[in-house]
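The values are calculated or read from the model by the stated rules, or taken from the named source; none is laboratory data. The structure presented is a predicted model; accordingly, all values stated were derived computationally and were not measured. Here the Cβ positions follow ideal geometry from the backbone for every residue, glycine too, while neighbour counts run over all protein chains shown. Just so you know, the surface numbers come from the protein's heavy atoms only, side chains and all, with ligands and any DNA or RNA stripped out. Shrake-Rupley method; radii C 1.70, N 1.55, O 1.52, S 1.80 Å.
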Amino acid sequence: MTWFRLPQLVAAIFGRNLGATCTAFFLCCSAAAQSKPPELGRPGPARAGAQTQASAEQLSRSLAQIEAVGFRNRMEGPRPVALFHSGDALFEIHNLLRATSVEADRAEHPKDWGRWKRAAGGIEVLEGGQWAKLSYPKTMQPLPAGFALSGEFEHLVNSVTPDSNLGAQFRYSFRPDGRFSSNRFVGVSADLEHYPMVTAQSRGPALEGRYHVDGYLIRLEPAGGKPETHLICTYPGSATIIWIDGSDYTKRK
(Lines give C-alpha, C1' and ligand atoms only; values in the text may rest on other atoms or scores of the structure.)
Protein backbone atom coordinates (compact mmCIF):
# COMPACT_ATOMS: atom_id res chain seq x y z
CA MET A 1 0.00 0.00 0.00
CA THR A 2 1.28 3.48 -0.89
CA TRP A 3 0.24 6.79 0.66
CA PHE A 4 0.30 9.85 -1.58
CA ARG A 5 -0.11 13.52 -0.91
CA LEU A 6 -1.70 15.15 -3.92
CA PRO A 7 1.53 16.64 -5.42
CA GLN A 8 3.23 13.26 -5.06
CA LEU A 9 0.32 11.55 -6.79
CA VAL A 10 0.52 14.01 -9.70
CA ALA A 11 4.27 13.43 -9.96
CA ALA A 12 3.77 9.66 -9.94
CA ILE A 13 1.20 9.87 -12.71
CA PHE A 14 2.55 12.61 -14.96
CA GLY A 15 6.27 12.77 -14.27
CA ARG A 16 8.56 15.23 -12.56
CA ASN A 17 7.86 18.40 -14.53
CA LEU A 18 4.13 18.53 -13.93
CA GLY A 19 4.64 17.07 -10.50
CA ALA A 20 7.02 19.91 -9.61
CA THR A 21 4.50 22.48 -10.83
CA CYS A 22 1.74 20.99 -8.73
CA THR A 23 4.08 20.60 -5.77
CA ALA A 24 4.81 24.32 -5.87
CA PHE A 25 1.09 24.97 -6.15
CA PHE A 26 0.29 22.83 -3.13
CA LEU A 27 3.05 24.26 -1.00
CA CYS A 28 0.80 27.28 -0.86
CA CYS A 29 -2.08 25.13 0.32
CA SER A 30 -1.14 24.77 3.96
CA ALA A 31 -4.46 23.22 4.90
CA ALA A 32 -4.22 20.61 2.19
CA ALA A 33 -0.63 19.87 3.04
CA GLN A 34 -1.61 19.09 6.64
CA SER A 35 -4.48 16.78 5.67
CA LYS A 36 -4.03 13.03 5.91
CA PRO A 37 -3.55 11.69 2.38
CA PRO A 38 -5.98 9.11 1.02
CA GLU A 39 -5.00 5.47 0.69
CA LEU A 40 -5.04 4.53 -2.96
CA GLY A 41 -4.15 0.88 -2.53
CA ARG A 42 -2.11 0.53 -5.72
CA PRO A 43 0.20 2.53 -7.97
CA GLY A 44 -1.14 4.97 -10.51
CA PRO A 45 -2.37 3.71 -13.88
CA ALA A 46 -0.08 2.82 -16.76
CA ARG A 47 1.68 5.92 -18.02
CA ALA A 48 4.26 7.00 -20.54
CA GLY A 49 7.77 6.29 -19.34
CA ALA A 50 6.69 3.70 -16.78
CA GLN A 51 9.55 1.31 -16.10
CA THR A 52 9.61 -2.21 -14.72
CA GLN A 53 12.27 -3.51 -12.37
CA ALA A 54 11.77 -7.07 -13.55
CA SER A 55 13.64 -8.07 -16.68
CA ALA A 56 11.74 -9.54 -19.62
CA GLU A 57 13.04 -12.98 -18.65
CA GLN A 58 12.02 -12.58 -15.00
CA LEU A 59 8.56 -11.33 -15.95
CA SER A 60 8.09 -14.15 -18.44
CA ARG A 61 9.10 -16.70 -15.81
CA SER A 62 6.62 -15.26 -13.29
CA LEU A 63 3.74 -15.17 -15.79
CA ALA A 64 4.42 -18.77 -16.86
CA GLN A 65 3.52 -19.87 -13.32
CA ILE A 66 -0.01 -18.45 -13.57
CA GLU A 67 -2.74 -21.02 -14.15
CA ALA A 68 -5.46 -18.41 -14.73
CA VAL A 69 -6.61 -14.95 -13.67
CA GLY A 70 -9.78 -14.68 -11.61
CA PHE A 71 -11.77 -11.63 -10.59
CA ARG A 72 -13.10 -10.50 -7.24
CA ASN A 73 -15.26 -7.58 -6.27
CA ARG A 74 -13.74 -4.77 -4.25
CA MET A 75 -15.15 -1.45 -3.09
CA GLU A 76 -13.63 0.25 -6.16
CA GLY A 77 -14.94 -2.44 -8.53
CA PRO A 78 -13.78 -5.80 -9.94
CA ARG A 79 -10.08 -6.54 -9.63
CA PRO A 80 -7.95 -9.31 -11.18
CA VAL A 81 -6.37 -12.02 -9.02
CA ALA A 82 -3.47 -14.08 -10.37
CA LEU A 83 -4.03 -17.78 -9.60
CA PHE A 84 -0.77 -19.75 -9.67
CA HIS A 85 -0.23 -23.44 -10.36
CA SER A 86 1.27 -23.68 -6.86
CA GLY A 87 -2.03 -22.70 -5.24
CA ASP A 88 -0.80 -19.21 -4.40
CA ALA A 89 -2.97 -16.19 -5.23
CA LEU A 90 -1.65 -12.68 -5.90
CA PHE A 91 -4.18 -9.92 -5.22
CA GLU A 92 -1.99 -7.08 -6.54
CA ILE A 93 -1.14 -8.35 -10.01
CA HIS A 94 0.91 -5.27 -10.92
CA ASN A 95 3.55 -6.46 -8.41
CA LEU A 96 4.84 -8.80 -11.12
CA LEU A 97 6.16 -5.84 -13.10
CA ARG A 98 8.63 -5.14 -10.30
CA ALA A 99 9.27 -8.62 -8.94
CA THR A 100 12.52 -10.38 -9.74
CA SER A 101 10.68 -13.62 -8.94
CA VAL A 102 7.38 -14.84 -7.53
CA GLU A 103 9.16 -16.00 -4.39
CA ALA A 104 10.83 -12.62 -3.89
CA ASP A 105 7.56 -10.72 -4.16
CA ARG A 106 5.76 -13.09 -1.80
CA ALA A 107 8.51 -12.54 0.77
CA GLU A 108 8.52 -8.76 0.29
CA HIS A 109 4.73 -8.23 0.13
CA PRO A 110 3.15 -11.09 2.11
CA LYS A 111 -0.14 -9.21 2.61
CA ASP A 112 -0.63 -9.11 -1.17
CA TRP A 113 -0.62 -12.90 -1.32
CA GLY A 114 -3.05 -15.64 -0.34
CA ARG A 115 -4.11 -19.11 -1.43
CA TRP A 116 -6.76 -20.38 -3.81
CA LYS A 117 -8.66 -23.61 -4.43
CA ARG A 118 -11.44 -24.98 -6.55
CA ALA A 119 -14.65 -25.57 -4.63
CA ALA A 120 -18.20 -26.54 -5.47
CA GLY A 121 -19.66 -23.73 -7.52
CA GLY A 122 -16.44 -21.84 -8.24
CA ILE A 123 -13.05 -20.73 -6.96
CA GLU A 124 -12.29 -19.67 -3.40
CA VAL A 125 -9.39 -17.56 -2.18
CA LEU A 126 -7.87 -17.40 1.27
CA GLU A 127 -7.15 -13.89 2.51
CA GLY A 128 -6.74 -12.77 6.09
CA GLY A 129 -7.46 -16.26 7.40
CA GLN A 130 -10.83 -16.63 5.67
CA TRP A 131 -11.90 -18.45 2.52
CA ALA A 132 -14.25 -16.56 0.20
CA LYS A 133 -15.65 -17.36 -3.21
CA LEU A 134 -14.52 -15.16 -6.08
CA SER A 135 -17.26 -12.73 -7.05
CA TYR A 136 -17.08 -13.54 -10.77
CA PRO A 137 -17.41 -17.10 -12.12
CA LYS A 138 -15.17 -16.87 -15.19
CA THR A 139 -11.37 -16.95 -15.30
CA MET A 140 -9.05 -15.53 -17.93
CA GLN A 141 -6.49 -17.54 -19.84
CA PRO A 142 -3.51 -15.94 -21.63
CA LEU A 143 -4.62 -13.95 -24.67
CA PRO A 144 -3.46 -15.20 -28.08
CA ALA A 145 -0.60 -13.36 -29.74
CA GLY A 146 -1.96 -10.52 -31.86
CA PHE A 147 -5.22 -10.28 -29.91
CA ALA A 148 -7.06 -7.17 -31.17
CA LEU A 149 -8.62 -4.54 -28.95
CA SER A 150 -11.24 -2.12 -30.20
CA GLY A 151 -12.65 1.04 -28.66
CA GLU A 152 -11.84 3.85 -26.27
CA PHE A 153 -11.19 2.90 -22.65
CA GLU A 154 -11.09 5.30 -19.71
CA HIS A 155 -9.82 5.16 -16.13
CA LEU A 156 -10.78 7.84 -13.59
CA VAL A 157 -9.00 8.74 -10.36
CA ASN A 158 -10.45 10.98 -7.69
CA SER A 159 -8.55 11.81 -4.52
CA VAL A 160 -10.18 14.01 -1.87
CA THR A 161 -9.02 15.51 1.42
CA PRO A 162 -10.99 17.97 3.57
CA ASP A 163 -9.38 20.95 1.82
CA SER A 164 -8.33 19.72 -1.60
CA ASN A 165 -9.35 17.57 -4.51
CA LEU A 166 -7.56 15.85 -7.39
CA GLY A 167 -9.22 14.36 -10.43
CA ALA A 168 -7.35 12.50 -13.15
CA GLN A 169 -8.50 10.92 -16.38
CA PHE A 170 -6.57 8.33 -18.40
CA ARG A 171 -7.73 7.26 -21.82
CA TYR A 172 -6.57 4.64 -24.33
CA SER A 173 -7.99 4.20 -27.81
CA PHE A 174 -7.28 0.87 -29.51
CA ARG A 175 -7.97 -0.10 -33.12
CA PRO A 176 -8.21 -3.65 -34.47
CA ASP A 177 -5.42 -2.85 -36.96
CA GLY A 178 -2.91 -2.65 -34.09
CA ARG A 179 -2.78 1.12 -33.61
CA PHE A 180 -3.38 2.98 -30.35
CA SER A 181 -3.50 6.50 -28.96
CA SER A 182 -3.57 7.73 -25.37
CA ASN A 183 -3.90 10.91 -23.38
CA ARG A 184 -4.36 11.97 -19.79
CA PHE A 185 -5.64 14.96 -17.88
CA VAL A 186 -5.31 16.13 -14.29
CA GLY A 187 -7.10 18.86 -12.37
CA VAL A 188 -6.42 19.95 -8.79
CA SER A 189 -8.15 22.42 -6.49
CA ALA A 190 -7.56 23.60 -2.94
CA ASP A 191 -9.35 25.84 -0.50
CA LEU A 192 -6.80 28.41 0.72
CA GLU A 193 -7.18 30.69 3.71
CA HIS A 194 -7.05 33.90 1.67
CA TYR A 195 -7.79 32.52 -1.82
CA PRO A 196 -10.70 30.10 -1.66
CA MET A 197 -10.91 27.38 -4.30
CA VAL A 198 -7.67 27.89 -6.22
CA THR A 199 -7.55 25.48 -9.17
CA ALA A 200 -4.96 24.22 -11.65
CA GLN A 201 -5.19 21.79 -14.52
CA SER A 202 -2.95 20.27 -17.14
CA ARG A 203 -3.11 17.76 -19.96
CA GLY A 204 -0.34 15.22 -20.51
CA PRO A 205 1.23 14.69 -23.93
CA ALA A 206 -0.83 12.60 -26.35
CA LEU A 207 0.78 9.41 -27.61
CA GLU A 208 0.18 7.45 -30.80
CA GLY A 209 1.73 4.26 -32.04
CA ARG A 210 1.25 0.53 -32.30
CA TYR A 211 0.32 -2.11 -29.72
CA HIS A 212 0.79 -5.86 -29.54
CA VAL A 213 -0.94 -8.24 -27.13
CA ASP A 214 0.54 -11.60 -26.21
CA GLY A 215 -0.58 -13.62 -23.20
CA TYR A 216 -0.93 -11.34 -20.18
CA LEU A 217 1.19 -8.58 -21.71
CA ILE A 218 0.54 -5.62 -23.96
CA ARG A 219 3.45 -3.85 -25.61
CA LEU A 220 2.97 -0.22 -26.53
CA GLU A 221 5.27 1.23 -29.18
CA PRO A 222 4.76 5.02 -29.34
CA ALA A 223 5.92 6.68 -32.54
CA GLY A 224 9.32 8.16 -31.76
CA GLY A 225 9.16 7.02 -28.16
CA LYS A 226 10.39 4.20 -25.97
CA PRO A 227 8.37 0.95 -26.04
CA GLU A 228 6.53 0.02 -22.85
CA THR A 229 5.37 -3.33 -21.52
CA HIS A 230 2.27 -3.56 -19.33
CA LEU A 231 0.08 -6.27 -17.88
CA ILE A 232 -3.35 -6.64 -19.46
CA CYS A 233 -6.40 -8.58 -18.30
CA THR A 234 -9.81 -8.99 -19.90
CA TYR A 235 -12.98 -10.62 -18.60
CA PRO A 236 -14.06 -13.51 -20.85
CA GLY A 237 -17.06 -12.60 -22.96
CA SER A 238 -17.00 -8.90 -22.06
CA ALA A 239 -15.75 -6.12 -24.33
CA THR A 240 -16.64 -3.30 -21.92
CA ILE A 241 -13.73 -3.42 -19.47
CA ILE A 242 -10.01 -4.17 -19.45
CA TRP A 243 -7.34 -3.91 -16.78
CA ILE A 244 -3.91 -2.40 -17.46
CA ASP A 245 -1.39 -3.00 -14.69
CA GLY A 246 -4.33 -3.84 -12.40
CA SER A 247 -6.22 -0.57 -13.05
CA ASP A 248 -9.66 -0.84 -14.61
CA TYR A 249 -10.42 0.89 -17.90
CA THR A 250 -14.08 1.05 -18.88
CA LYS A 251 -15.11 1.26 -22.52
CA ARG A 252 -16.69 4.55 -23.46
CA LYS A 253 -19.99 4.40 -25.32
### Query
Within the range 188-207, is there a residue that is open to solvent by 20 Å² or more (accessible area, probe 1.4 Å), in contact with an Asp or Glu (Cβ under 9 Å, 6 or more places away or on another chain) and at pLDDT 90 or above?
no
### Query
Taking strands (runs of 3 or more DSSP E) that fall entirely within the range 170-253, which contain at least 1 residues that are within 21 Å of Ser55 (Cβ to Cβ)?
207-214, 217-222, 228-234, 241-244
### Summary
Considering residues that are open to solvent by 80 Å² or more (accessible area, probe 1.4 Å) and aliphatic (A, V, I, L, M), the number found within the range 210-244 is 1
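Quick one: which of Phe71, Phe91 is at pLDDT 95 or above, closer than 26 Å to Glu228 by Cβ and either exposed (fewer than 13 other Cβ atoms within 10 Å of the Cβ) or touching a helix residue (DSSP H, G or I) at 6+ places or on another chain (Cβ under 6 Å) (or both)?
The unique qualifying residue is Phe91.
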### Task
Scan the range 199-244 for residues that are touching a strand residue (DSSP E or B) at 6+ places or on another chain (Cβ under 7 Å), free of Cβ contacts under 8 Å to residues at least 12 places away in the same chain and within 23 Å of Leu156 (Cα to Cα) and jot them down.
Arg219, Thr240
#### Entry: One residue from Phe153, Phe174 being under 30 Å from Arg61 (Cβ atoms), in contact (Cβ under 8 Å) with a residue 12 or more places away in the chain, within 17 Å of the chain's Cα centre (by Cα) and open to solvent by less than 20 Å² (accessible area, probe 1.4 Å)
Phe153
## Note on the structure
Within the range 50-92, restricting to residues that are under 17 Å from Lys138 (Cα atoms) and small (Gly, Ala, Ser), the one that is nearest to the chain's Cα centre (by Cα) is Gly77
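I'd like the full set of residues that are within 14 Å of Leu231 (Cα to Cα) and either of a type in the set (D, E, K, R) or surrounded by fewer than 17 Cβ atoms within 10 Å (Cβ to Cβ) (or both), limited to the range 74-88.
Arg79
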### Task
Within the range 119-149, work out how many residues are assigned to a strand (DSSP E or B) and either surrounded by 10 or more Cβ atoms within 10 Å (Cβ to Cβ) or modelled with pLDDT of 95 or more (or both).
12
### Query
Has the range 154-167 got any residue that is part of a loop (DSSP other than H, G, I, E, B), at pLDDT below 90 and touching a Lys or Arg at 6+ places or on another chain (Cβ under 7 Å)?
no
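Being hydrophobic (A, V, I, L, M, F, W, C) and buried (at least 16 other Cβ atoms within 10 Å of the Cβ) is the filter; apply it to the range 30-49 and report the residue that is modelled with the lowest pLDDT.
Out of the qualifying residues, it is Leu40.
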### Task
Output the residues belonging to the range 208-226 that are of a type outside the set (Asp, Glu) and over 18 Å from the mean Cα position of the chain (by Cα).
Gly209, Arg210, His212, Pro222, Ala223, Gly224, Gly225, Lys226
